[in-house]
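Bear in mind that the values in this text are calculations on the coordinates, not laboratory data. None of these values were measured; they are calculated from a predicted model. Backbone-built Cβ (ideal geometry, glycine too); neighbour counts: all protein chains shown.
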Ligand code: GLN
């Protein structure tokens, strides 16, 4: 089914299944994520948890970090025990259960719900991303544009999410808003159940399965880990273990980075890789480093850039549009999803066109270009914040321009990196390598949080320097990666035949 099928916008039918499953999963993820900090900081009168901003921020960082960190065991389970297709199904069920728990008793079961959602996402996210690539043959030129389409599904999901949960939260209350996420995931599961027959064979069985006794032992180990985690959760829930979110978040950032290098090294040295696979792993290392750097800048959207929207952007609406007198702060978040949806088809066509013309930019150079766009966005913020430093409120166009540049960067880097991981990883490690890659999201998210910690709304004159530093540092990294791409474009081709 992989090579000639072109039933979904010129792509294999399996892509349609994955597109809509991930769209609904992301709808539930972003819908809930958008509410988290608001709910945690809302007063008890408003039925919130009344946490401080620092605590809520740390929990938020730990949660988003954990979601992507769990992609590592999730990828391993798919490669060795479950196969991608089953991993996505069970992952979706666990996410659904988490949202239902949240909708039922938000006050008391808040952390239990979050843990379930994070666990399920760890099982679903890397594996569904790896399966997209498995719908294509090794040298199918449609792979990159397939990932671009898939990426559009992700953002269609987040767009629906912001609109729906934003509306429900204002008019109906927390339970309904969190409940909407459960409905979204349910739609994704139903859709997946009925259409997963179209998925290509590679995604069904584990790529590198345990057999016999080894399999039994592996399942026992999994059960033991789940049991230990359950005990820790119960102890934390009853207050026997006290967790201090802020300092924990800092330690976890370092821990995730260490795990990334250890796991990568483990696959490289202990994975019985041949010389070609090893060369491709070097190219992947560059792509992963670029990804972590990119998200460390980009993911400030929810924090430092959001605060900029709130405090230093002129959001007043003179004509009282739809009865509102100012643009809601969170609406600036929508611009990323909208730009992705508008620009994705253009990028999908661009990659196909370039490869037809034999100017096939390497994965690595595309990721370096992505970082340059991200940095340029921060240069725009450098200019905008100089007005803010003089006590002025700036026009919304400044932030929108930054988000536009960040989105162009995201499209050069993010779907491209997914495609690179699916193509260059040793096949036996497809799920795990996607897990390792998804770990760069969690590193990026946590670093973005730590960088945003330097944003001090009271000392606005320090802002231009902060944004300038981020821009310069990122450009430096992009230059290094760009230079290394001269070598890595050869590594990327190692052992993969040229003919399509
Ligand atoms: N928007 C992308 C996704 O949801 C990437 C998220 C991220 O933080 N890297 O898949």
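Quick one, what does Rg over Rh come out to for the range 1-121 if you take C-alpha atoms and the Kirkwood Rh? Mind dumping the intermediate values first?
On the way: Rg = 17.3 Å, Rh = 16.1 Å.
Reported Rg/Rh (Cα atoms, Kirkwood Rh): 1.08.
With no solvent and one point per C-alpha, what does the Debye sum give as log10 I(q)/I(0) for the range 162-243 at q = 0.11, 0.12, 0.25, 0.26 Å⁻¹?
-0.70, -0.81, -1.01, -1.04
Over the range 98-225, what portion of Cα pair distances is larger than 25 Å, expressed as a whole percent? Provide the component values of the computation, followed by the final result.
Details: 3584 of 8128 pairs.
Of the Cα pairs, 44 percent sit more than 25 Å apart.
Tell me, Kirkwood radius of the range 307-397 from alpha-carbon pair distances, in Å? Kindly include the intermediate steps, with their values, before the conclusion.
Values: mean 1/r = 0.0618 Å⁻¹.
Evaluated over the range 307-397, this radius sits at 16.2 Å.
Based on Cα coordinates alone, diagonalise the gyration tensor for the range 17-74, multiply each eigenvalue by 5, take square roots, and list the semi-axes in whole Å, largest first. Mind showing how you got there, number by number?
Numbers: eigenvalues 141, 48, 8 Å².
Equivalent-ellipsoid dimensions as semi-axes: 27, 15, 6 Å.
Return the Rg/Rh ratio of the range 93-163 with Cα-based radii and a Kirkwood Rh. Before the final figure, lay out the partial values.
Values: Rg = 16.0 Å, Rh = 14.1 Å.
Radius of gyration over Kirkwood radius for the range 93-163 works out to 1.13.
What is the gain in length, in nm to one decimal, between residue 193 and residue 233 on full extension, counting 0.36 nm per residue of separation less the C-alpha to C-alpha distance?
Working: separation 40, 0.36 × 40 = 14.40 nm, distance 3.12 nm.
That works out to 11.3 nm of additional length.
Going by C-beta contacts inside 10 Å, put 24, 491 in order with the fewest on the left. Don't skip to the end; give the middle numbers.
Working: 24 27, 491 22.
Result, fewest neighbours first: 491, 24.
If we count other beta carbons within 10 Å of each Cβ, what is the order of 105, 360, fewest first?
Numbers: 105 12, 360 15.
Placing the least packed residue first, the sequence is 105, 360.
Which order do 314, 5 fall in if you start with the one that has the fewest other Cβ atoms within 10 Å? All intermediate terms of the calculation are to be shown ahead of the outcome.
Working: 314 12, 5 17.
Ascending number of Cβ neighbours within 10 Å: 314, 5.
Would you mind computing the Rg to Rh ratio of the chain from its alpha-carbon coordinates, Kirkwood style for Rh?
Working: Rg = 22.1 Å, Rh = 23.2 Å.
Rounded to two decimals, Rg/Rh equals 0.95.
To the nearest Å, what is the center-to-center distance of the range 404-418 and the range 246-320, using C-alpha atoms only?
13
Would you compute the Debye intensity of the range 343-500 from its alpha-carbon atoms alone, equal scatterers and no solvent, and pass along log10 I(q)/I(0) at q = 0.09, 0.16, 0.18 Å⁻¹ to two decimals?
Taking Cα atoms of the range 343-500 as identical point scatterers yields -0.38, -1.01, -1.19.
Report, in whole Å, the centroid distance computed from the Cα atoms of the range 355-386 and the range 192-245.
A separation of 38 Å, based on Cα centres.
Please sort 378-385, 130-137 by packing, taking for each peptide the average over its residues of neighbouring beta carbons within 10 angstrom, highest first.
Details: 378-385: 21.6, 130-137: 26.4.
Packing proxy ranking, top to bottom: 130-137, 378-385.
Hey, what number do you get for the chain at 222 nm if only DSSP H runs of n ≥ 4 count, each worth -39500 (n - 2.57), divided across all residues, to the nearest 500? If you can, show how the numbers build up before the last one.
Numbers: 16 runs with 371 residues, N = 500.
For the chain, the value works out to -26000 deg cm²/dmol.
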